[in-house]
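What follows draws every value from the coordinates through simple rules; no lab data is involved. Please read these numbers as outputs of a predicted model, since none were measured by experiment. Counting neighbours? That spans all protein chains shown, and the Cβs are built from the backbone with ideal geometry, glycine included.
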Amino acid sequence: MATKLPSTDVVVVGLGWAGSIIANELTDQGLEVVAFERGPWRETARDFNIASAPDELRYSQRQELMLQTAQNTVTARNTPSQTALPMRSWGSFHPGNGTGGAGNHWAGITFRFQPEEFRLKSHLTEKYGAGAIPAELTLQDWGTDWSEMEPFYTAFDQLAGLSGRAGNLKGQIREGGNPFEGPRSEEYPTGPMRQPYGPTLFAQAAKDLGYKPFPVPSALISEAYTNSLGITMGPCTFCGFCTNYGCANYSKASAITTILPVLTRKSNFRAQTNSEVLRVTLDATGKRATGVVYVDTSGKEWEQPADLVIVTAFTFENVRLMLLSGVGTPYDPETQTGTTGRNYAYQTANSVQLFFDDKNFNPFIGAGALGMGIDDFNNDNFDHSGLGFFGGGSIRVTPIGAAPIGYRPTPPGTPLWGSNWKRQTVKNYLSSMSIGCEASSYTTRTNYLSLDPTYTDRLGRPLLRITFDFSQNDLKMSQYCTDKVAGIAKAMNPRQQVAHPMTGHWNTGPYQSSHVVGGFVMGADPKTSAVNKYLQSWDVPNLFVVGASAFPQNPGYNPTGTVGALAFKAADAIRRLYLKNPGPLVSA
Amino acid sequence: MRSSEVAQPNRRQFLSSTAIALLLGSTGRGLGETIAGSPPWKPFDASPPQTLGSGTWYFLTPDEVRTVGAITERLIPADELSISGKDAGCVEFIDRQLAGSYGSSERLYMKGPFQPGTPEQGDQFPLDPRQRYRLGLASLQAHCRETYQKAFADLPPEQRDQVLTQLQTGAITLKDVDAKAFFALVLQNTMEGFFADPIYGGNKEMVSWRMLGFPGARYDYRDYIDKHNQKLDLPPLSIAGRSEWRVKD
């Protein structure tokens, strides 16, 4: 039996990007906020000390910053007819833990989604006709649009200090930026990063082919910056211990570098760490959240009542908490009814490796979001008539570093050990590079999230079950886009190039992307969405569920910029609309 | 001794370097403080890496040490490019990893039921790395005694390579473990030891980093990012510094 605590105005579940943004906005409004975090408190100076941060074994191999699967994991299968089995260690993706969440070990690539994405189904139907959309896909509109999203993207830019160059400033296309982006109201807060050799070589080849290269928008900032909350960050030093690591330089934007130093000092804010929320509690009608129940490290359960509950616990735990709390109806792939767990999507990872004889890339000079890219083959930036698929990918060269347990590129056929292995490893280490194509993942009827019937966590609660495989649409798209990447690679004239389009089934083993999205999606229709355009639950109006769980499908972009924008959007709706008139903000 | 038991480390220390000051006896001497020989603080005080000191074996038995040495000096042989994996400290690395949280899978989801899945569903074996090594090495030894009437470590190098290839391809089966999975684990850990920071017991004197041209735990390339297509020849740096930094041992 949980011990009941005094009530508070707002409970926030999860102190990553979304939870920290909303907690900060609502404390500014004068509300008392208690935020729960299942992991520890993390602090740059202590936890990401410059002396001990660059440790590949500890952070990349043993995954010290990530959620430990002993605490919570997922089960996975490719189709509804298979038995899902637990992911006993992380492979395909890397969920985070502790304050800052996955936003501590993220890469920092921070695109905005394009205006067409927010009404994707309508856009493709208008342009190509309803019959052109493959029957396997369950694409949806977001119930919002660019004019509603843009101010919140700008708010996130200025919080994180993003580095880049605007390609479309108030409708004006600007040389050197990304011409495919939606019109932005403000330039990036900090200038583009300087580029190492690999991205520079790629950008020149792409430009010669008529494409439009631009610096990848980066949350690893290029110069000192004081953000919208008055917190100062330092410039990135290209240390190459970035993705999978915490940043010791205060250069990588995260909740712990850009929000928590201010939020922590507010008298109406309290963080409760190492405290895992077990469920959102509902009243007898099931239409009102009354708070949350959480467990501390001793195993004792506590009930924290609140007037408003905000769930910001990463895609997986957002959906699992809704399923465990009985919010909404679980999605059924047979009848396609229910919205809790509906439209789970991923990211489709493709690449082409290039091996040279006469080049030295010094690949250890790197950062997660350092690089040059093109968007000519992303999303609907190219004509899909007659191609038989939709979607595309962000093509780019982003050297993240070259710590050698994980980074040892060799051509196919190289032995895995012995003297010949060693010769090939040494020969190719400095002189290889790779062009990535991070591509869209479009939703289908049978890709969804549910509770596992067999496997439970350490507390005996069902694990979340992922049922996912790549759609035929996405596999065709991968082949097409990777061919385009191979064309650029060929123009760079390597000794050898090796294409890796995504093929076959989704495999839980090799790392692909932590961009897991959907399962509690936003939209205008409660039959096909779980939250409205303000991230407010259709069924429980004093519950907001914020994160990439709200994406109805995933474009060929990294999700964090949009997660940040949605967090500002939800907070704005609460401050401006909900508090004046608590109840549904959109009538169903 | 149960297969998963581990000798208790008789001392835990952050680094084996004698240059590290321990703040013993620094209290009760008034406000003045004499600093000599080493800085008055302990590195990684707040967030230490888990490392174990040298000079003792924590998990592997003497026979296992010999077998793992005989494996790692074939996986990474001594040649014109580097010393062998064994001489670089891969056996010490593996021993200390097995003794720590990695060896017991304490951070991993190890609840049953354990059942085989599709290739896409990943590792579903119920054994932790300690058990995999203990059973795998014993099974390998049994196989070699049965087939060659010799211990693995007593086979000539070419024959060891042959046995390792058979494990890698699954051409032979081992009694208690999956041969291919066991080989993959030992290969993975050997490479980790060879390429990880030397504080974990392998990569002696940053041998693999020097071999590749990887500068290690440096944290600032702002002066180098614009030097395109140039060989930089930066001497590598460990989390523990560089041996040249030490004036005397």
task: Report the one residue of A:Asn378, A:Leu321, A:Gly413 whose Cα lies farthest in the direction of the positive end of the charge dipole of the protein assembly as shown (charges on C-beta: Lys and Arg +1, Asp and Glu -1; origin at the Cα centre).
output: A:Gly413
query: Between the range A:543-588 and the range A:365-388, what's the alpha-carbon centroid distance in Å?
result: 26
task: Quantify how strongly other chains surround peptide B:232-241 by giving the mean number of their Cβ atoms within 10 Å of each of its Cβ atoms.
output: 2
field: Sites A:Met1 and A:Thr264, calculated FRET efficiency, Cβ-Cβ separation with R0 41 Å, nearest 0.05
entry: 0.80
- prompt: Just how large is the dipole of the range A:228-367 about the Cα centre, in debye to the nearest 20, putting +1 at every Lys and Arg Cβ and -1 at every Asp and Glu Cβ?
  reply: 440
message: Taking beta carbons within 10 Å but only from partner chains, what does the mean come to for residues A:79-86?
response: 4
query: Under a straight-distance cross-link criterion of Cα-Cα below 25 Å, which lysines are reachable from A:Lys212, leaving out those fewer than 8 residues away in the same chain?
result: A:Lys127, A:Lys170, A:Lys359, A:Lys476, A:Lys484, A:Lys490, B:Lys227
query: Using modelled backbone amide H atoms (1.01 Å from N, in-plane), which distant-in-sequence or interchain residues come within less than 5 Å of A:Ser434's amide H?
result: A:Leu354
- prompt: How long is the gain from A:Ile50 to A:Glu186 if the chain were fully straight, where each residue apart is worth 0.36 nm and the alpha carbon distance is subtracted?
  reply: 45.6 nm
- request: State the extension gain, in nm to one decimal, for the chain segment bounded by B:Phe114 and B:Ser54, taking 0.36 nm per residue of separation less the distance between their alpha-carbons.
  value: 17.9 nm
field: Size of electric dipole in the range A:111-150: Cβ of Lys, Arg +1 and of Asp, Glu -1, about Cα centre, debye, nearest 20
entry: 120
query: What is the distance, in nm, between label points placed 7 Å from the Cα along the Cα-to-Cβ direction at B:Asp161 and at A:Arg458?
result: 4.7
message: I'd like to compare A:159-169, A:114-124, A:365-375, A:297-307: which one has the highest average count of other Cβ atoms within 10 Å, and what's the full order after that?
response: A:365-375, A:159-169, A:114-124, A:297-307
Nearest-0.05 FRET efficiency for A:Thr414 and A:Val586, computed from C-beta distance (R0 41 Å): 0.10
- request: Take every DSSP beta bridge whose two residues both sit in the protein assembly as shown, then give the antiparallel share in percent to the nearest 5.
  value: 65
task: Please get the size of the charge dipole for the range B:114-182, origin at its Cα centre, with Cβ charges of +1 on Lys and Arg and -1 on Asp and Glu, quoted in debye to the nearest 20.
output: 220
field: Protection-proxy order for peptides A:517-524, A:424-431, each taking the mean of Cβ atoms within 10 Å per residue, highest first
entry: A:517-524, A:424-431
query: So how much slack lies between A:Thr503 and A:Glu175, counting 0.36 nm per residue of separation and subtracting their Cα-Cα distance, in nm?
result: 114.5 nm
- request: Rank by packing, highest mean first: peptides B:197-207, A:212-222, B:134-144, A:475-485, with packing defined as the count of other Cβ atoms within 10 Å averaged across residues.
  value: A:212-222, B:197-207, A:475-485, B:134-144
- prompt: Going toward the positive end of the dipole of the protein assembly as shown, with +1 on Lys and Arg Cβ and -1 on Asp and Glu Cβ, which of A:Leu278, A:Val262, B:Ala196 do you reach last?
  reply: B:Ala196
query: Tell me, what ³J(HN,Hα) does each residue in the range B:48-53 have, in order and in whole Hz, if you take phi through Karplus 6.51 cos²θ - 1.76 cosθ + 1.60 with θ = phi - 60° and put x for Gly and Pro?
result: x, x, 7, 10, 10, x
message: Can you give the local net charge around A:Thr8? Use residues other than it whose beta-carbon is closer than 11 angstrom to its beta-carbon, Lys and Arg +1, Asp and Glu -1.
response: -2
Cα centroid separation, the range A:18-50 to the range B:125-140 (Å): 43
- prompt: Does a label point 7 Å from the Cα of A:Arg288, set along Cα-to-beta-carbon, have any residues of the range A:298-338 with amide nitrogen under 15 Å, and which are they?
  reply: A:305-309
- request: Take every residue in peptide A:411-421, count the Cβ atoms of other chains within 10 Å of its Cβ, and give the average of those counts.
  value: 4
- request: Give me the distance between the Cα centres of the range A:227-305 and the range B:181-199, rounded to whole Å.
  value: 35
